[in-house]
Structures are given as structure tokens and as C-alpha cells.
Amino acid sequence: MSQQQFFATTAKGVEEVLAAELTRSGLSGVVQENGGVRFAGGLEAAYRANLWSRTASRILMPLAEFPCQSPDELYQGVRAIRWTEFLTPAHTLAVDCNLRDSALTHSGFVALKTKDAVVDELRDRLGSRPSVDTKDPDLRINVRLFKNRCTVSLDLSGMPLDRRGYRLERHEAPLKENLAAALVELSGWDCSTPFVDPMCGTGTIAIEAALKALRIPPGLLRGSFGFQRWPGFDKKLWQRLVDEARQGVLSALPAPVFGSDISHSAVAMAHQNARRAGVGDLVTLGRGELAELTPPPGPGVLVFNPPYGKRLGEEEALKPLYKQIGDILKQRCKGYNAYLFTGNLELAKSVGLKASRRIVLFNGPIECRLLKYEMY
């Protein structure tokens, strides 16, 4: 494969972090866009992005882009792609679809029409057709329809990249792994000072901090990627990248990573998750009340991800918690940069400190803020 365009998708607000990450990985043609980052290269660039990206959701390979205002335009546009290069009748496929501001408004219909065009093209050329497997397909096709322009891409990742494989148990409202990794990046933590998460839940932020500090690429933890089932999969190249990555992993954390939580069951899950992520013996996790928090002497980084009361009546009950966070920062966290991630700006006022930076991020559909407090 010669130079090819790729697109790494991510959560809204994380595009800049992802662009910097892909540039650090040595990828070329990195351009930040809405909802993700474009980059260029051959197979190695695509494999490397899947292996190393901490903040991407998926790595896509665009095949075609065309104007699309009717079912027929969609069908003909998809059918014109040379599907025999990527699929045989023995393969299974699935179609994902994102629509915005377009004449075609039903994603299920667009996915079905796309699937019809692909299987009709293969049947006409090869005499039989591939079947659909929505759960675990050999090839995942991504259709994006925005302002009546359709982009058809292949999904190299398969399962979304935030599913690292270490978090089998889901606690209530967990943070996706790639958003947790983005919070670590945005905190500016350089791995040389203590990292503390005093409301760690099942440990995702602390684990992502440890993976970064130990130089463990998140892709090493996963069982498989979509591109490994493509006809042109280069097994040797992939193995070389994996071996290189393994050789670069550190055996000890350069600075301590701490996680604590009030909930026994959450901390028990955090221990299991950390073990599966290969950092179980290195991260310090334990049960602890917020009132007892005394971080090691600064400088260091603190990240709080408190509940933000999505249900009616919860906001009032949470105000004392946010005030307590502010009090603890003022009394015991000298020299720290502290970050509060919340989807409730009213509650954030109860912290009683002036944020030196406010970063807009989206946790799923919820507009959130990452607020920075510098504790001199």
C-alpha cells in the first residue's frame, strides 16, 4: 500500500490532544478536524496508530467521498467502490452509520442501503455474496453523511479503541478509557511527579496514567483488531511493531500513581482492572475517605472525577462534596496542579476556587469541563 489517507475519530474536545499524540508517534500529514484527526501513510502508519493511540476511538481508511441526497445516489456511490479488494463472499461484514444535516435522515436505512450495494456488487462479480454479522464482522464499513456528502471508510480498529480489554466489570457510569487517557494528557502530567486520583472508582484514570508512564501501548492489551482479518494483513509488519513496543516498556513507574475511593466494591474492581492491564503491582490503590486525603508533598497532579448529579434533586446533595474538594485543595495540596472533571458547572462553583483554565470536553452527549486549579 502506498500513501493513503486515514482518519482517527475521537470524543468532541479531544481532537487537539489526539493530533499531538499522532505527531509524537511519528505519523505524517497530521491535520486536526472536527471529530477527529486526519493523517497519511502506508500500512505501518495505520497499524502504529491502532497500537499506540491512547485517545482515538477508531482508525478509519476513507475509500470514497461523493454527493448524496437520495437513496439511489448512495447506492450507486457505494457500488462504484472496488469491494473485491477488501472482501470475498467468505467474509462477514457490518455497516456503522453517522448522519448529520443531510436529506437522508434514518441511519438504519442508510446502513441497509450501503450493505445492499456492497453485496450486490460482490454477487455480480464473484457469483455469491458475503453475509452480515453485526456483532463480530470480518470487515466493518463506516458511512458518514454530513451536509449531503457521503464518506465511505473501512474501520481498521474493529472494536472501538477505548475497549482496551482490562475493564471487564462495569461500575455505574464509567469513564471511557480513551477519555480517561485524554484527561491524563490534558493534566500536563510528565510522569516525573506523583499522580493522584482520590475518587478513582474502578481505577480507569489511574490505570491510564500508569500505562502512559510505563510506555505500554494500549493496543498491546487487546485481543485483536479489525485489520488483522483483512485479505492484505501484513503479519510480519504487525509483529515487528508489537515486538518493538514490548522492548520499550519500563519495569517500574518513574513516579508513584495513587488511586483511592470510598467504595469497597469499586476499589476491588480497580484492583482487578489494574491486574488485567499489567500494572497491578505498580499502582497504589486503596479504600479511602476524601476527608483523609493527604497527597505526598508537591509538586504533583491531582485529578478529581466526582459525580455530577444528572438526576433531579441530586445537585443539592452534591454541593457539600464539591465544597469539601475545594477545602482539601486549599489546606493540603500545596504545589499541586489539580483538575476537576465535571458535567455540572453550577456544582463546580461550590469548590470556591478560581480555575486558571477551563477545557470543554464531551463525555458521550454530556458537555463537561476540565477545570484547572493551581495550588501554589
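Here, each number is a calculation from the coordinates, and none is a lab measurement. Remember, predicted model here, so these are calculated numbers, not experimental data. Using ideal geometry, Cβ is built from the backbone for each residue, glycine included, and neighbour counts are taken over all protein chains shown.
Close amide H pairs (under 5 Å, H built 1.01 Å from N) link C368 with L361, F362, N363, residues at least 5 positions away or on another chain.
Cross-link partners for K176 among the lysines, with Cα-Cα distance under 27 Å and sequence neighbours closer than 8 places in the same chain left out: K12, K135, K212, K310, K319, K323, K349, K372.
For the range 4-155, the relative contact order works out to 25 percent when only alpha carbon pairs closer than 8 Å and six or more residues apart are counted. The distance linking the range 177-252 with the range 259-296 is 19 Å (Cα centroid to Cα centroid, whole angstrom). Put simply, the amide H of G280, placed in the peptide plane, has neighbours under 5 Å in R275, leaving out anything fewer than 5 places away on its chain. With the gyration tensor restricted to C-alpha atoms of the chain, the semi-axes of the equivalent ellipsoid amount to 41, 23, 18 Å, longest first.
In terms of other Cβ atoms within 10 Å, K115, K330 run from fewest to most in the order K330, K115.
Rounded to the nearest whole Hz, the Karplus-based 3J(HN,Hα) values (6.51 cos²θ - 1.76 cosθ + 1.60, θ = phi - 60°) of the range 270-282 follow the sequence 4, 4, 5, 4, 4, 5, 5, 7, x, 10, x, 8, 9, with x at glycine and proline. Computed from Cα positions, the angle between helix 15-24 and the longest principal axis of the chain comes to roughly 80 degrees. Using the rule -39500 (n - 2.57) for each DSSP H run of four or more residues, divided by the residues of the chain, the 222 nm mean residue ellipticity is -9500 deg cm²/dmol.
When all alpha carbon pairs of the range 240-283 are counted in 5 Å bins from zero, the resulting P(r) reads 5, 18, 22, 20, 15, 10, 6, 3, 0 %.
The per residue volume of the convex hull around the alpha-carbon atoms of the range 4-155 is 109 Å³. Listing S107, S70 from fewest to most neighbouring C-beta atoms within 10 Å gives S70, S107. Local charge for L99 was computed over the other residues whose Cβ lies under 14 Å away, with Lys and Arg +1 and Asp and Glu -1, and equals +3. Of all aspartates and glutamates in the structure, those lying under 14 Å Cα to Cα from K334, and not within fewer than 8 positions of it along the same chain, are E374. Which of rounded, prolate, oblate describes the range 1-73, given a ≥ b ≥ c as roots of the alpha-carbon gyration tensor eigenvalues and a/c under 1.5 marking rounded, otherwise prolate only if a/b is larger than b/c? Oblate is the answer for the range 1-73, as a/c is 1.5 or above yet b/c matches or exceeds a/b.
Please report the net charge: other residues with Cβ closer than 14 Å to the Cβ of L122, K and R +1, D and E -1. Neighbour charge sum, excluding L122 itself: 0. Charge tally around G300: other residues with Cβ under 13 Å, Lys/Arg +1 each, Asp/Glu -1 each, net -1.
Hydrodynamic radius of the range 198-351 by the Kirkwood approach over all distinct alpha-carbon pairs: 17.8 Å.
Computed across the range 286-376, the Kirkwood hydrodynamic radius from all distinct Cα-Cα pairs reaches 13.6 Å. Ordering T342, T202 by the number of other Cβ atoms within 10 Å of each residue's own Cβ, fewest first, gives T342, T202.
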